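Working notes, structure below.
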Amino acid sequence: MIEIRGLTKRFGQLTAVDNLNLRVEKGEIFGFLGPNGAGKTTTIMMILGLIRPTSGSVRIFGKELSEDYFGIKKRLGVLSEYQYMYDEMTAREYLTFFARLYQVEQGEKRVQEVLERVRLRDRQDELVGGYSKGMKQKLGLARVLLHDPEILILDEPTSSLDPYGVREVRDILLEEHERGRTLLISSHLLSEIERISTRVGIMNKGRLLAENTMDELRRRLTQEVTITVDLESIPDGVVDKLRELPNVVSVETVPVSRDGAGAGMSLVIKTKPGAERRAEIARVLSSAGAIILGMRTSEMNLEEVFITITENNISLLAEEGVA
Amino acid sequence: MSATSYRLHATRLIAGRELRSTVFGIGIYIVMTIAFVLASYGVNSFLYNISQNGALAMPSPLLLPLFVAVFLSSLYLGLLSSLTISRERDQGTLEVLFYGPVDSFSYVMGKFIEQMLVFGVFILFNLVFFAFVALITNFGFSLDIIWLLLISFFVAASVVAFGIFLSSITKSSRASVFLFILFMAFFIGFFWGYSTLMGIPDKELSAGMIYLRQALDYLRRVIEWVSPLEYLNRGALAVASSSVSGFFAAVGESLAYGVVLLAASIFFFNRKGVKK
């Protein structure tokens, strides 16, 4: 759907985007991440043709923007980080204007549908200038949805929303994904991206450092997997048996106190990343007569992946020979 | 749908939205009121002359008040035009428009057409106002008034194109308004200074002043093509002297000037982009 090749943008001495190669496939939710100034917004602006690249190309729906400018623009829905609106218009007038611009069939009906979807129908006759930041963000999303675009490009779509608003927007985005729409989301809310993205790309200092599924990124960055097992008690010799298991790096016993359930023990087992170890560990513990109260695996979350990659400027793509 | 159809559609919508915004604003009505008050003042002074002298030796006494009204209206629209692109770029709404099926041509043309529609309303009001004045003063509603209104439309187009051009090359609305006022003040000041200097006989001027007058004469040859107000001046003179060829020359020159400036506006707008 979106194919970026060798995209570079220089502003004088500053290279904002450096030889970026990226593909966003049809139907995926692509989380586009990076610290401030990483080059995400510049990339999005170049995708939209609003900033001219120094070199490289962007193809959307298999075409360069210059080949079918209006046709491509009509199939995109774009939400920027800041909501710039005509404050002297009501929400209904604002959306009606854009419905006409995009030549939406049955525009008035569609305007009411999207207002309902973002829960602003009751406020549609109020001036946009009087809207709160969160309401403007929802109205911006309504504008994006108005013409039923095939690709949604969203820059910080939940930044001004309260938790209810975040959930509403997340649900809408997931609905769009279920309808086969492609989403490119740039956000600092890593937990949100982790929840909904099918793939993520991480940029830093103008370069794309990683582009993969969350599971694959975790796998690539994880040195050790920590499995914590809560036991009623630790049978004799079980720790040694666990240590003998292949790929187990270390086993520690940790006393824990459980509310109303007296004291117990936990085993903190560190293994090499890769294959699933929990079944094997459970078998060893059961055969030794241990009563397992709980078992959990600690994995790197997106925040840890993000910080690991950007702080150390690690290029996973270079390892793959992509960059 | 072809690119041309998309362009025309976007142009029409942008012009419509802007027109609505201007019509519901107060500025246009203030300017029209000021224009009519000034025109009435001019008419009144002619009437006073007649009452004092018993006669007024002018072929078409309403032309000058109409010229003042048209001049003021054109300046106002030029000022509005100088704000168009830069203000919307400042506010960020320009960027949002360009997320969709809008390009620089449709945007600039939308802004231009909106201003011309507003000027069309000005012309209509002027027509009604001067027809009424002609009736109550018995000055007569001559064809010259129609010709001047007609040429004023083309001249206003060049003033508006000049405003849009300034708006396309500046970074902020403040800068574009400042530039517009600066240029207009210079053009008007130059015109006034040049006319004054030309009216003084050579023998009353020092050698330095004669050199200055010569330099200003060279400068005038440039300014008469650069300043949109000069086209209005030429058109009004053509109407006042009933020169048909002068009239059509002024129309053609205004049109060419407007087209060149609009094309330049689109070029610079493309180069500067839509980002704040």
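The values are calculated or read from the model by the stated rules, or taken from the named source; none is laboratory data. On a predicted model such as this, the values are computed, not experimentally measured, just so you know. Cβ: placed from backbone, ideal geometry, glycine included. Neighbour counts: every protein chain shown. SASA here: full protein model, heavy atoms, side chains in, ligands and nucleic acids out. Shrake-Rupley method; radii C 1.70, N 1.55, O 1.52, S 1.80 Å.
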Restricting attention to segment B:1-32, and to residues there that are outside any helix (DSSP H, G or I) and under 19 Å from residue A:68 (Cβ atoms), which single residue is most open to solvent (accessible area, probe 1.4 Å)?
B:1
Quick one: would you say residue A:55 is surrounded by fewer than 18 Cβ atoms within 10 Å (Cβ to Cβ), more than 14 Å from chain B (Cβ to nearest Cβ) and either free of Cβ contacts under 8 Å to residues at least 12 places away in the same chain or not basic (Lys, Arg) (or both)?
yes
Restricting segment B:242-276 to residues that are in a loop (DSSP other than H, G, I, E, B) and open to solvent by 80 Å² or more (accessible area, probe 1.4 Å), the one modelled with the highest pLDDT turns out to be B:242
I want to confirm something. Restricting to segment A:159-170 and keeping residues that are under 16 Å from residue A:79 (Cα atoms) and not in a helix (DSSP H, G or I), which single residue is most open to solvent (accessible area, probe 1.4 Å)?
A:159
So residue B:49 clears everything in (1) more than 10 Å from chain A (Cβ to nearest Cβ); (2) open to solvent by 10 Å² or more (accessible area, probe 1.4 Å); (3) under 25 Å from residue B:154 (Cβ atoms) except one condition, right? Which one?
(3)
Subset of segment A:67-91 [without any contact (Cβ under 8 Å) to a residue 40 or more places away in the chain, buried (at least 20 other Cβ atoms within 10 Å of the Cβ) and more than 7 Å from every other protein chain (Cβ to nearest Cβ)]
A:72
Name the one entry in B:86, B:82 that is under 16 Å from the mean Cα position of the chain (by Cα) and away from chain A (no Cβ under 14 Å).
B:82
Please find, among A:141, A:173, A:145, the residue that is assigned to a helix (DSSP H, G or I), over 22 Å from residue A:33 (Cα atoms) and open to solvent by less than 20 Å² (accessible area, probe 1.4 Å).
A:145
Listed by range, helices (runs of 4 or more DSSP H) wholly within segment A:183-288 having at least 1 residues that are touching a residue at least 60 places away in the same chain (Cβ under 8 Å) are A:190-196, A:214-221
Among B:97, B:75, B:63, which is the only one that is among the hydrophobic types (A, V, I, L, M, F, W, C) and within 30 Å of residue A:69 (Cβ to Cβ)?
B:97
Please verify whether residue B:86 is farther than 18 Å from residue B:155 by Cα, among the small types (Gly, Ala, Ser) and surrounded by 19 or more Cβ atoms within 10 Å (Cβ to Cβ), treating the condition exactly as stated.
yes
